Amino acid sequence: MNVSIVGYGAIGGLLMTRCLEHDISFDILARESQRIDLTLEPMNKPPYDLGIETHQLGATEIQDVVIVPVKAYQVRDVLSQLRPIISQNTCIVLLHNGMGSIEIIHDEFPHQPAILATTSHGAYKPSNNHVIQTGIGQSQFGWLQKGQLLINEQKDLEHLLETLLSPAIRVDNMHKALWKKLAVNASINPMTAALKCRNGQLRERQHLEAIKSISREISDVATAQGILLSASELYENTCQVIEDTADNYSSMYQDVQASRKTEIEFISGYIVGLAKKSNIFVPETELWLEKVREIEAQYLSHH
């Protein structure tokens with residue numbers, strides 16, 4: 001099976017590391033074809049130094065599986081560029097924070113095999129060509145649509161993802177898993193970005209109160225969408241992730257530190273948008289959305 005990974009961001013780097021550890025051949029698809037030197041540092045193992053030829057998006061032969069670990073706001077654009085190398089049996093794997101991709105797949109690729117995945121593995125890039133794994137989290141994935149794939153092809157893809165994202169579990173209700181992940185991201189990401197702290201610092205009492213409020217708000221919005229998740233379940237799950245990733249810096253913290261556009265509109269912005277449609281009051285989620293928007297506006301206006 002040929003595996004293609006889009007880009008070489010932090011999570012892309014983790015996927016490459018897993019491929020190397022398990023002798024899975026892979027290609028890197030990027031904006032342009034070029035040779036890059038990468039250093040990948042897994043946890044508790046020696047680093048890999050490798051030279052890789054990247055392939056331009058959409059300019060290779062037809063692929064078996066394309067993993068798309070890009071920012072939420074890049075998904076639509078990347079998928080349209082991938083179209084030439086996608087056959088009816090190419091499986092698209094979406095791996096990112098935030099919501100909205102389900103709609104893109106339904107609209108643009110209604111018959112395509114597609115898997116949605118989330119992970120709380122920690123990784124960061126101290127420089128453009130260097131990826132360091134900082135924490136082992138949990139991953140979940142589930143089928144959005146199976147297209148024309150045969151049972152054995154489905155099983156092969158499931159096994160591949162269990163290997164690449166390990167520890168990983170396949171879930172039947174990916175919608176629920178995505179909402180739980182959304183609740184985690186709507187607390188940890190904006191709070192750590194605005195407070196400029198590691199995840200573990202959110203264990204202080206005043207921050208836990210805010211997380212409790214956000215969990216309650218998201219439970220209300222999810223329920224209006226027909227996804228039944230209690231506030232306490234969301235809160236406890238978020239607290240567990242904070243515990244597991246206490247030393248990590250969230251992706252949004254890293255984006256803000258590097259003056260990059262964040263995924264806030266696909267996380268807190270998504271929740272606030274749905275809340276307005278259902279006339280649900282979400283003041284805590286809105287507060288942190290505005291904080292991150294203000295921080296972003298300070299540096300994005302200069303670009």
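The values are calculated or read from the model by the stated rules, or taken from the named source; none is laboratory data. Fair warning: this is a prediction, and the values are worked out from it, not measured in the lab. Here the Cβ positions follow ideal geometry from the backbone for every residue, glycine too, while neighbour counts run over all protein chains shown.
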Taking first residues from the stretch 1-29 that are in a helix (DSSP H, G or I) and second residues anywhere that are among the basic types (K, R), the pairs with Cβ under 9 Å that are 6 or more apart or on different chains are A10/K125; G13/K125; T17/K45; E21/K45
Does E53 satisfy the criteria of being in contact with a strand residue (DSSP E or B) (Cβ under 9 Å, 6 or more places away or on another chain), of a type in the set (D, E, K, R), in a loop (DSSP other than H, G, I, E, B) and surrounded by fewer than 20 Cβ atoms within 10 Å (Cβ to Cβ)? no
When residues of the stretch 135-164 are limited to those that are under 19 Å from the mean Cα position of the chain (by Cα) and small (G, A, S), the one farthest from I115 (Cα to Cα): G135
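Where residues in the stretch 165-213 are among the basic types (K, R) and over 29 Å from P42 (Cα atoms), which of them is nearest to the chain's Cα centre (by Cα)?
K176
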Which of (1) at pLDDT below 95; (2) among the polar types (S, T, N, Q); (3) crowded, with 20+ Cβ neighbours inside 10 Å is the odd one out, the single condition S301 does not satisfy? (3)
If you go through the stretch 40-55 one residue at a time, do you hit one that is on the phi > 0 side of the Ramachandran plot, over 22 Å from the mean Cα position of the chain (by Cα) and without any contact (Cβ under 8 Å) to a residue 60 or more places away in the chain? yes
Could you give me the residue pairs with C-beta distances under 9 Å whose first residue belongs to the stretch 73-99 and is touching a residue at least 24 places away in the same chain (Cβ under 8 Å), whose second residue is surrounded by fewer than 18 Cβ atoms within 10 Å (Cβ to Cβ) and in a strand (DSSP E or B) wherever it lies, and which are 6+ apart or on separate chains? Q81/Q56
Top-ranked residue in the stretch 241-261 [being more than 17 Å from N199 (Cα to Cα) and in contact (Cβ under 8 Å) with a residue 40 or more places away in the chain; ranked as surrounded by the most Cβ atoms within 10 Å (Cβ to Cβ)]: K261
Can you confirm whether S215 is part of a helix (DSSP H, G or I) and either in contact (Cβ under 8 Å) with a residue 40 or more places away in the chain or surrounded by 23 or more Cβ atoms within 10 Å (Cβ to Cβ) (or both)? yes
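Which of the residues belonging to the stretch 221-240 are aliphatic (A, V, I, L, M) and surrounded by fewer than 22 Cβ atoms within 10 Å (Cβ to Cβ)? Break it down stepwise before answering.
Taking the stretch 221-240 and keeping what is aliphatic (A, V, I, L, M), we get 221-222, 224, 227-229, 231, 234.
Scanning the stretch 221-240 gives A224, I227, L228, L229, A231.
Can you give me the ranges of the strands (runs of 3 or more DSSP E) entirely in the stretch 56-151 with at least 2 residues that are touching a Gly at 6+ places or on another chain (Cβ under 7 Å)?
Values: elements: 65-68, 91-95, 114-119, 122-127, 130-135, 139-145.
The qualifying strands (runs of 3 or more DSSP E) are 114-119, 122-127, 130-135.
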Spot the failing condition for E162; the list is (1) surrounded by 21 or more Cβ atoms within 10 Å (Cβ to Cβ); (2) closer than 30 Å to F26 by Cα; (3) modelled with pLDDT of 95 or more, and only one is missed. (1)
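Could you say which residue among I115, I92, I85 is at pLDDT below 95, outside the structural domain of S251 (by TED's automatic domain parsing), crowded, with 16+ Cβ neighbours inside 10 Å and among the β-branched types (V, I, T)? Talk me through it step by step, then tell me what you get.
Details: I115 fails: at pLDDT below 95; I92 fails: at pLDDT below 95.
Testing whether each residue is at pLDDT below 95, outside the structural domain of S251 (by TED's automatic domain parsing), crowded, with 16+ Cβ neighbours inside 10 Å and among the β-branched types (V, I, T) leaves just I85.
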